[in-house]
1. So, in segment 8-44, exactly how many residues are near the ligand (Cβ under 9 Å from one of its atoms) and either touching a strand residue (DSSP E or B) at 6+ places or on another chain (Cβ under 8 Å) or touching a residue at least 60 places away in the same chain (Cβ under 8 Å) (or both)?
2. In a helix (DSSP H, G or I), crowded, with 17+ Cβ neighbours inside 10 Å and either at pLDDT below 85 or in the same structural domain as residue 192 (by TED's automatic domain parsing) (or both): is that true of residue 285 in this structure?
3. Residues that are farther than 20 Å from residue 209 by Cβ, modelled with pLDDT under 85 and assigned to a helix (DSSP H, G or I): does segment 255-268 have at least one?
4. Against the conditions (1) under 23 Å from residue 104 (Cα atoms); (2) surrounded by fewer than 20 Cβ atoms within 10 Å (Cβ to Cβ); (3) within 16 Å of the ligand (Cβ to nearest atom), where does residue 228 fall short? Just the number, please.
5. Looking at (1) farther than 20 Å from residue 63 by Cα; (2) out of contact with any helix residue (DSSP H, G or I) (no Cβ under 7 Å at 6 or more places or on another chain), find the lone condition where residue 158 falls short.
6. Against the conditions (1) buried (at least 19 other Cβ atoms within 10 Å of the Cβ); (2) in a loop (DSSP other than H, G, I, E, B), where does residue 245 fall short? Just the number, please.
7. Among the residues of segment 107-137, how many are in contact with a helix residue (DSSP H, G or I) (Cβ under 9 Å, 6 or more places away or on another chain) and part of a strand (DSSP E or B)?
Ligand SMILES: [Zn+2]
């Protein structure tokens with residue numbers, strides 16, 4: 001166990017545990033992403049705040065090049081079920097109708113809000129932001145850390161969907177955005193769940209962290225640490241999957257995930273490895289350059305953080 005060498009990007013504790021390194025790289029056909037993988041280190045878990053983080057992380061310049069090389073239709077998926085959970089949280093918890101979506105892309109989620117909502121967005125992709133703007137969404141900036149003068153203490157809800165895993169220090173981003181939340185306002189964070197049992201046991205080979213643009217991996221213990229140290233109230237929590245494709249696919253995804261984990265962690269290193277490699281299923285597993293994308297596993301979570309009223 002490596003401890004005491006790698007500082008946590010969120011709480012600065014120096015006591016972290018190594019979870020190992022993986023050569024898996026999703027989207028490996030893209031040269032900019034391969035370059036990112038080469039600049040990225042292994043995974044660590046902070047013993048203090050429980051954040052899972054990459055160390056070292058690739059430099060900003062390389063991250064920007066990788067984002068720019070991604071097709072503009074990335075992250076475009078059919079209306080997912082967890083959007084309903086976000087809308088319910090906004091309706092039942094937000095003290096006013098002003099909603100800011102950080103990383104709003106084309107404004108697809110904001111479009112699904114009731115007509116009396118006042119919609120604002122932040123989006124780094126200029127083309128997608130242009131589409132959001134043409135849909136009547138007021139665009140306020142390009143980056144989650146942008147200053148938003150005139151909007152202090154104004155939003156009833158701020159949404160961060162599939163954003164927190166791309167930042168170096170999620171707590172710093174939440175702290176920054178909190179200034180723009182009205183008293184009693186709600187910050188809705190949706191991201192991968194580092195505490196899902198399959199993810200926990202599979203790291204560093206779990207698919208979610210095979211994207212080198214995912215710099216950190218959050219879980220409910222990290223959110224509880226954050227709520228305690230930064231005075232948020234956790235009002236609601238959700239566990240979900242990004243693409244539930246029925247029970248059959250769910251069972252298949254679980255079986256594939258467990259097989260890969262067992263192969264990578266134990267069987268592939270055991271005295272049986274040579275014999276097992278001759279089996280077609282195992283040979284395929286052994287030759288994998290990127291992990292199976294287990295989209296139907298409930299490995300994402302959402303949390304509603306409420307800012308105190310005084
Ligand atoms: Zn930490």
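The values are calculated or read from the model by the stated rules, or taken from the named source; none is laboratory data. None of these values were measured; they are calculated from a predicted model. Quick reminder, even Gly has a Cβ in these numbers, built from the backbone with ideal geometry, and neighbours come from all protein chains shown.
1. 7
2. So residue 285 passes the test.
3. yes
4. Looking at each condition in turn, residue 228 falls short on (1).
5. Of the numbered conditions (1) farther than 20 Å from residue 63 by Cα; (2) out of contact with any helix residue (DSSP H, G or I) (no Cβ under 7 Å at 6 or more places or on another chain), the odd one out for residue 158 is (2).
6. (1)
7. Of the residues in segment 107-137, 4 are in contact with a helix residue (DSSP H, G or I) (Cβ under 9 Å, 6 or more places away or on another chain) and part of a strand (DSSP E or B).
The rows are residues; the columns are (1) crowded, with 24+ Cβ neighbours inside 10 Å; (2) more than 14 Å from the ligand (Cβ to nearest atom).
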position	(1), (2)
206	yes, yes
209	yes, yes
213	no, yes
216	yes, no
221	no, no
235	no, yes
